[in-house]
1. Hey, any hits in the range 344-358 for a residue that's open to solvent by less than 70 Å² (accessible area, probe 1.4 Å) and without any contact (Cβ under 8 Å) to a residue 24 or more places away in the chain?
2. Quick check on the range 208-218. Is at least one of its residues in the same structural domain as I250 (by TED's automatic domain parsing), free of Cβ contacts under 8 Å to residues at least 60 places away in the same chain, of a type in the set (D, E, K, R) and touching a strand residue (DSSP E or B) at 6+ places or on another chain (Cβ under 9 Å)?
3. Given the conditions (1) assigned by TED's automatic domain parsing to the domain that holds T226; (2) crowded, with 20+ Cβ neighbours inside 10 Å, report the number of the one that V290 does not fulfil.
4. Could you go through the range 397-411 and let me know if any residue there is over 20 Å from L285 (Cα atoms) and among the small types (G, A, S).
5. Here is a list: D213, D198. Which entry is touching an Asp or Glu at 6+ places or on another chain (Cβ under 8 Å), farther than 30 Å from A385 by Cα and at pLDDT 95 or above?
6. Among the numbered criteria (1) more than 16 Å from the ligand (Cβ to nearest atom); (2) closer than 20 Å to Y33 by Cβ; (3) open to solvent by 10 Å² or more (accessible area, probe 1.4 Å), which one does S278 miss?
7. Listed residues I272, I253, I241; which is within 16 Å of the ligand (Cβ to nearest atom) and either farther than 19 Å from A62 by Cα or surrounded by fewer than 20 Cβ atoms within 10 Å (Cβ to Cβ) (or both)?
8. Using the structure shown, decide if I201 is assigned by TED's automatic domain parsing to the domain that holds G104, in contact (Cβ under 8 Å) with a residue 40 or more places away in the chain and over 30 Å from N142 (Cβ atoms).
Amino acid sequence: MSNNPEYRNGKIIFDGIDICDAASEFNTPAYIYSRKMIEDNWLEYDLAFGGYKHLVCYAVKANSSLAVLNIMAKLGAGFDIVSLGELERVIAAGGDPKKILFSGVGKSYTEIKRALELGIKCINIESEAELERVNAIAIEMNLRAPISLRVNPDVDPKTHPYVSTGLKQSKFGVDIDLAFSVYKRAAQMDGIAITGIDCHIGSQLTDDSPYFDALKRVMNLYSKLTAEGIEISHIDMGGGIGICYQDESIPNIKIYIEKMVAMVEESGAELIIEPGRSIVGNAGLLLTKVEYIKKGDEKSFAIVDAAMNDLMRPSLYSSWQNIIPATETDADEDTYDIVGPVCESGDFLGKDRKLRIKQGDILAVCSAGAYGFSMSSNYNSRPRAVELMIDNNSVRVIRKRETVAELFANETIID
Ligand code: LLP
């Protein structure tokens, strides 16, 4: 099932809003999100657990706008963070520190200290060296740090190599075969309180069977640990459920969650997940204007005002995202590469797209709510786009368009 917005009377209506109107009012490039779709996606996960003890921790990196985080916080979500910046964003947005998990392979002294000060739910430890550091900081602070070990279960998530994280050759986590001895060491540490087992095998998974393989291995470890007297109160299976960008079939969320609950149930451990993309991905569009049409012998280009700095996924991973005109027109159909103004041949949003478009038209890049704005940059000294949220049939600015002055406000010229 594709999640493209529909045309009504020749115009794209996204969550009740004519996106052409939004583009002319707020200018382009612009990210536009639907509050309702974000909420519905989160609730779909939350409700799927039935009465079983769980926590849905939104992966902040997918879209870290304060308004998005605040919507999650109001729903009662937990948060999966990977940096001090994400931590402070969650707090500023009203998130509950007791529902925050801290993942990532390179947590600094300052980051760990701040997380412990705030009393977060759990630090997902990714190496023995990190375990030592967390222990030392906790002892300094005279407390015990709640931790889980991120185990690497060596299962193939069958996704893009850049977002595949659960194989032995990956930098993430601790080899599941070594995890038992690391847990035993952790159990001896004065600054450590073991609370969980964590695992995240990859992103944009279109098949859920790797999760069940991974969970089987995690539950084996769970049994070994409890037999050793090491208590585990939660199992965290990470994020990674994919979305439909083109024609992918996506696992049914309810069935996926129910299957995992069935595997964990007997233990009574709390089941945690960390979805990002599947909550915000299809709840967002990137709106961009056609600046020029350039027709050549071999290729035709639609040069638009959004670029790889605004949406990096096509350039970085050769990702395919649907691109559709905001208004149906009778312009001649042609096959275009949709490219931005950045001075790189890799600056494209889509290639070989059959479209009826002309100069000045607004295009919508679909499925842009996840890893769109959050991965954007100022390359070519381009201010970052405005972010808009549709809330109850009105469009609100949730992040102003950056100004050119802001781009170099922190810079100094030396003599
Ligand atoms: N938990 C951890 C520890 C993660 O590393 C990630 C994503 C998630 C949860 C959320 O995964 P999701 O549900 O969003 O798949 N920039 C790439 C995706 C990178 C994902 C990194 N980790 C992209 O645009 O496809």
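The values are calculated or read from the model by the stated rules, or taken from the named source; none is laboratory data. No experiment lies behind these values; they were computed from the predicted model shown. Using ideal geometry, Cβ is built from the backbone for each residue, glycine included, and neighbour counts are taken over all protein chains shown. We work out accessible area using only protein heavy atoms, side chains counted, and drop any ligands, DNA or RNA first. Shrake-Rupley method; radii C 1.70, N 1.55, O 1.52, S 1.80 Å.
1. Filtering the range 344-358 for residues open to solvent by less than 70 Å² (accessible area, probe 1.4 Å) gives 346-350, 353, 355, 357.
From the residues that got through so far, the ones that are without any contact (Cβ under 8 Å) to a residue 24 or more places away in the chain too are none.
No, the range 344-358 contains no residue that is open to solvent by less than 70 Å² (accessible area, probe 1.4 Å) and without any contact (Cβ under 8 Å) to a residue 24 or more places away in the chain.
2. First pass over the range 208-218, keeping only residues in the same structural domain as I250 (by TED's automatic domain parsing): 208-218.
Keeping just the survivors that are free of Cβ contacts under 8 Å to residues at least 60 places away in the same chain gives 208-212, 215-216.
Adding the requirement that they be of a type in the set (D, E, K, R) leaves 208, 216.
Those still in the list that are touching a strand residue (DSSP E or B) at 6+ places or on another chain (Cβ under 9 Å) too: 208.
Among the residues of the range 208-218, at least one is in the same structural domain as I250 (by TED's automatic domain parsing), free of Cβ contacts under 8 Å to residues at least 60 places away in the same chain, of a type in the set (D, E, K, R) and touching a strand residue (DSSP E or B) at 6+ places or on another chain (Cβ under 9 Å), which makes the answer yes.
3. (1)
4. Taking the range 397-411 first, the residues over 20 Å from L285 (Cα atoms) are 403-411.
Those still in the list that are among the small types (G, A, S) too: 405, 409.
The answer is yes, given that some residue of the range 397-411 is over 20 Å from L285 (Cα atoms) and among the small types (G, A, S).
5. Values: D213 fails: touching an Asp or Glu at 6+ places or on another chain (Cβ under 8 Å).
Result: D198 is the single residue among D213, D198 that is touching an Asp or Glu at 6+ places or on another chain (Cβ under 8 Å), farther than 30 Å from A385 by Cα and at pLDDT 95 or above.
6. (1)
7. Values: I272 fails: either farther than 19 Å from A62 by Cα or surrounded by fewer than 20 Cβ atoms within 10 Å (Cβ to Cβ) (or both); I241 fails: either farther than 19 Å from A62 by Cα or surrounded by fewer than 20 Cβ atoms within 10 Å (Cβ to Cβ) (or both).
None of the other options fit; the residue is I253.
8. yes
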